[in-house]
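*Asks:* One structure coming up, written as structure tokens, with questions to follow.
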Amino acid sequence: MFQFLQRKEEPEKFAPDPGQLSVRQLLEDSGVPISIRAVANLPEHAQRRLLRVLLPPQILSRFGIRPVDWRGPDGNNHVSVVTRPKSGLLHVEVRHAVEAQDPFFVVELQDNALNGIDLNLLVLNDPHAPRFDTDCDEEGRATQFGTLRRNRAQEELAMKAGLAPGQVRAGLKASRDVFQNVDTFLAMLTHYSLFLEPLTYASARVFERRGFAYVRGHKLMDDIHREFQEGGRLREALDGSTPFRGPDQWRTVRGRAWAVHDGILSEIDQAWDGLRMVKQVGQHAGVNTFPDALY
């Protein structure tokens with residue numbers, strides 16, 4: 001599983017936002033933006049019509065889930081939708097089997113305080129890959145993907161298996177398909193951009209490849225790249241003092257990500273916090289803070 005984003009609590013709304021749109025408004029002006037709150041207020045069947053655009057058919061079909069009615073070979077519905085109209089939140093989960101422990105695909109969208117849309121959560125995992133319990137500590141308490149507490153033993157196993165911080169399973173390698181559909185979904189709602197907060201260094205690099213730029217954090221990413229070069233403070237801190245600080249980890253995105261997850265940014269008096277990214281619908285920003293990177 002790739003948990004790509006910082007989780008957010010329900011934000012206070014600072015700007016007015018239409019909770020409901022009438023058919024007359026939609027007929028009179030195709031440029032009227034539709035909020036997630038308005039989508040959340042729709043009847044279930046109307047929501048489904050819109051959400052078919054959000055969920056890539058090719059991803060559902062990989063697991064035998066029909067893109068139109070969301071039913072699998074067992075005849076059961078494999079897609080669950082949770083809405084919170086008051087806070088303008090939409091949460092969609094897809095499981096390859098009804099009894100599966102984890103969804104293999106999760107997307108959560110929410111209205112933000114500026115009448116835009118945030119991507120709060122994106123999970124893409126291979127449900128058939130080995131699972132590493134990095135999401136809970138030895139006592140079974142949630143780690144919030146390492147942001148609240150850590151399970152270092154499971155993290156080390158995950159790292160050795162080729163996973164990045166925030167993953168409990170290997171990914172689906174389907175983020176390109178997801179963002180193509182997210183772009184289409186936003187265009188249908190008459191929104192021009194999407195905002196998010198990357199959970200890890202690795203996820204920030206994934207979002208760069210998918211066309212995002214930085215609202216906040218570009219300088220930090222440049223500083224990280226510079227300090228991982230020969231003679232840099234981060235490069236020198238890869239001293240083997242923990243399993244996540246091997247001397248060659250500067251070479252790859254995942255290696256750097258594990259070192260950042262392990263707190264190495266304190267060497268440059270920084271922390272992984274406060275980054276925010278934006279993507280314009282249908283455009284690629286061309287940002288690349290780690291040229292010629294190996295993932």
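The values are calculated or read from the model by the stated rules, or taken from the named source; none is laboratory data. All values derive from a computational prediction rather than experimental measurement. Using ideal geometry, Cβ is built from the backbone for each residue, glycine included, and neighbour counts are taken over all protein chains shown.
*Asks:* Specify which of the listed residues (239, 223, 248) is of a type in the set (Asp, Glu), surrounded by 13 or more Cβ atoms within 10 Å (Cβ to Cβ) and either closer than 22 Å to residue 149 by Cα or modelled with pLDDT of 95 or more (or both).
*Replies:* After applying the criteria, what remains is 223.
*Asks:* Is there a residue being in contact (Cβ under 8 Å) with a residue 40 or more places away in the chain, assigned by TED's automatic domain parsing to the domain that holds residue 32 and either under 15 Å from residue 178 (Cβ atoms) or among the acidic types (Asp, Glu) (or both) anywhere in region 63-75?
*Replies:* yes
*Asks:* Among 259, 285, which is in contact with a helix residue (DSSP H, G or I) (Cβ under 7 Å, 6 or more places away or on another chain) and touching a residue at least 24 places away in the same chain (Cβ under 8 Å)?
*Replies:* Testing whether each residue is in contact with a helix residue (DSSP H, G or I) (Cβ under 7 Å, 6 or more places away or on another chain) and touching a residue at least 24 places away in the same chain (Cβ under 8 Å) leaves just 259.
*Asks:* Next question. What is the residue count in region 254-279 for residues that are surrounded by fewer than 16 Cβ atoms within 10 Å (Cβ to Cβ) and under 20 Å from the mean Cα position of the chain (by Cα)?
*Replies:* 4
Quick grid of which residues meet (1) in contact with a Phe, Trp or Tyr (Cβ under 6 Å, 6 or more places away or on another chain); (2) of a type in the set (Lys, Arg):
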| position | (1), (2) |
| --- | --- |
| 68 | no, no |
| 71 | no, yes |
| 84 | no, yes |
| 87 | no, no |
| 91 | no, no |
| 96 | yes, no |
| 102 | no, no |
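*Asks:* What number of residues within region 280-295 satisfy the criterion of being under 30 Å from residue 191 (Cα atoms) and surrounded by 14 or more Cβ atoms within 10 Å (Cβ to Cβ)?
*Replies:* Selection size over region 280-295: 6.
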